[in-house]
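The values are calculated or read from the model by the stated rules, or taken from the named source; none is laboratory data. Because the structure is predicted, anything quoted here is derived from the model rather than measured. No Cβ is skipped: glycine too gets one built from the backbone with ideal geometry, and neighbour counts run over all protein chains shown.
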Amino acid sequence: MRKRKICVVTSTRAEYGILRWLMDEIRRDPRLTLQVVATGAHLAAAFGHTYREIEKDGFTIDETVRMPLGGHSKGALARAMGACAIGMSRAFERLKPDLILVLGDRYELLPVCSTAVVMNIPIAHISGGDVTEGAIDNQVRHAVSKMSHVHFVAMPGHARRLEQMGEESWRIHVTGDPALDLLGQIELLDRDALAVELGVSLRSPVLLVTHHPTTLGAGIDELGELLKALDGFAGTTIFTAPNADAGNRAMIERIENFVGAHPAAALFRNLGQRRFYSLMKVADGMVGNSSSGIWEAPSFRLPVVNIGERQSGRMRAANAVDSPAEAGSIGAAIRRVLMPEFRASLDALVNPYGDGQAVPRILSVLRKLDLGPRLLQKRFVDAPSK
């Protein structure tokens, strides 16, 4: 029996980190063949050429599809998406995958999935049905869900949203989020070993700061308020670089200026998954607008200050404190989450996004999924009349 070819398309370090364990299990499965396509920020020097992490982990990258991410404007990103679609069409022609596997809500998924649709290649989408009202990610995620043929979602509420969108229930599988599976597979560094690797003295309290551009808002202004709040912080501040959305370069410059003026602060363009999760383990708090503060941080019982509207609409665990993008409010929220009693209140916290067993559930579906005409022919399920 011919092994079915599962083509994983990845464009960013964060997305790859979530997919990594699943990719490894696909590679090990005697019934499946893993194909890997790297695109987007993975291939950009400005983001650390993170495709090397994929290769370092022992994966073969079967195709690279370049997206010119050198522009600063939203128009430049739109043109980069056009170039990505052209490259994907050629990659899929050469690889002839049986199914495309994608994750999340990044804009890079639009050219990937639209190309697969017109080439009659079925799409499996991880993390549909979620909501982020403060970013175009919301529209991208829902568009990708409607283009996709099978869905792996984190929780029953996400499954219900897909059904509201007219998706057939047999296509939807509640698996939990695969990022949580990876947490149980990585051997994390202790505080001393992490400090050596980073070359930073991790003097308490340690804040992990991850703040991205806001595609529906003023990201640089939000960052300015965050930096004001951190200006008098008497501890160690570790920044990770913002992602590849429009406006990221200006944000990196502001962070670099802040780090230059604050000896206890450091910026890392690419920490890698092991060091990033190790930081989540040892940090006293996390600040910013990253989805990792909502999805993964509860597994570490890590207090989080979530800033602005980027994660608006997402389910929160008790570790997250929301703050408007205003320096005084951010500072007050940081002081609150760093109080010992707040951390103690999280001792019994359970992550609502899964139990760390998503990968075997996804694999089970990938092995058995009927790839025939029924999968490709999507029907819209009307809601019952009121």
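Take Met23 and tell me if it is modelled with pLDDT of 95 or more, part of a helix (DSSP H, G or I) and assigned by TED's automatic domain parsing to the domain that holds Met119. It is true that Met23 is modelled with pLDDT of 95 or more, part of a helix (DSSP H, G or I) and assigned by TED's automatic domain parsing to the domain that holds Met119. If the condition is being among the acidic types (Asp, Glu) and more than 15 Å from Val65 (Cα to Cα), then the stretch 77-114 contributes Asp98, Asp105. Listed here are the helices (runs of 4 or more DSSP H) enclosed by the stretch 256-333 that have at least 1 residues being touching a Gly at 6+ places or on another chain (Cβ under 7 Å) and not hydroxyl-bearing (Ser, Thr, Tyr): 273-282.
Listed conditions (1) surrounded by 19 or more Cβ atoms within 10 Å (Cβ to Cβ); (2) in contact with a strand residue (DSSP E or B) (Cβ under 9 Å, 6 or more places away or on another chain); (3) at pLDDT below 95 are all met by Val144, apart from (3). For the stretch 202-213, state whether one or more residues are surrounded by fewer than 18 Cβ atoms within 10 Å (Cβ to Cβ) and either in contact with a Leu (Cβ under 8 Å, 6 or more places away or on another chain) or more than 30 Å from Gly331 (Cβ to Cβ) (or both). Yes, there is a match, as at least one residue in the stretch 202-213 is surrounded by fewer than 18 Cβ atoms within 10 Å (Cβ to Cβ) and either in contact with a Leu (Cβ under 8 Å, 6 or more places away or on another chain) or more than 30 Å from Gly331 (Cβ to Cβ) (or both). If only residues of the stretch 330-386 that are over 25 Å from the mean Cα position of the chain (by Cα) and among the hydroxyl-bearing types (Ser, Thr, Tyr) are counted, the one that is nearest to Ala116 (Cα to Cα) is Ser385. Of all residues in the stretch 160-180, those satisfying the criterion of being outside any loop (DSSP other than H, G, I, E, B), within 24 Å of Ser291 (Cβ to Cβ) and in contact with an Asp or Glu (Cβ under 9 Å, 6 or more places away or on another chain) are Arg161, Ile172, Ala179, Leu180. Scan the stretch 128-140 for residues that are surrounded by 23 or more Cβ atoms within 10 Å (Cβ to Cβ) and in a helix (DSSP H, G or I) and jot them down. Within the stretch 128-140, Asp137 is the sole residue that qualifies. A search for C-beta distances below 9 Å between a residue of the stretch 309-327 that is under 14 Å from Phe342 (Cβ atoms) and buried (at least 16 other Cβ atoms within 10 Å of the Cβ) and any residue that is at pLDDT below 90 and among the polar types (S, T, N, Q), counting only pairs 6+ apart in sequence or on different chains, returns Ala320/Gln311.
From the list Asp347, Asp370, exactly one residue is at pLDDT 95 or above and closer than 30 Å to Asp29 by Cα. Which is it? Among Asp347, Asp370, only Asp370 is at pLDDT 95 or above and closer than 30 Å to Asp29 by Cα. Checking each residue in the stretch 49-70 for being of a type in the set (Val, Ile, Thr), over 28 Å from Leu267 (Cβ atoms) and either surrounded by fewer than 19 Cβ atoms within 10 Å (Cβ to Cβ) or in the same structural domain as Leu267 (by TED's automatic domain parsing) (or both) picks out only Thr60. Among the residues of the stretch 181-196, write down those that are hydrophobic (A, V, I, L, M, F, W, C) and either in a loop (DSSP other than H, G, I, E, B) or closer than 17 Å to Leu103 by Cβ (or both). Within the stretch 181-196, Leu182, Leu183, Ile186, Leu188, Leu189 meet the criteria.
All conditions but one from (1) touching a Leu at 6+ places or on another chain (Cβ under 6 Å); (2) crowded, with 19+ Cβ neighbours inside 10 Å apply to Pro97; the one that does not is (1). Need the failing condition index for Leu180 against (1) at pLDDT 90 or above; (2) in contact with a Ser or Thr (Cβ under 8 Å, 6 or more places away or on another chain); (3) over 19 Å from Ala320 (Cα atoms), just the number. Here Leu180 clears every test but (3).
Of Ala46, Ala38, all but one fail to be assigned by TED's automatic domain parsing to the domain that holds Ile100, at pLDDT below 95 and either outside any loop (DSSP other than H, G, I, E, B) or under 18 Å from Leu109 (Cβ atoms) (or both); the exception is Ala46.
The single condition from (1) free of Cβ contacts under 8 Å to residues at least 12 places away in the same chain; (2) touching a Lys or Arg at 6+ places or on another chain (Cβ under 8 Å) that Val196 fails is (2).
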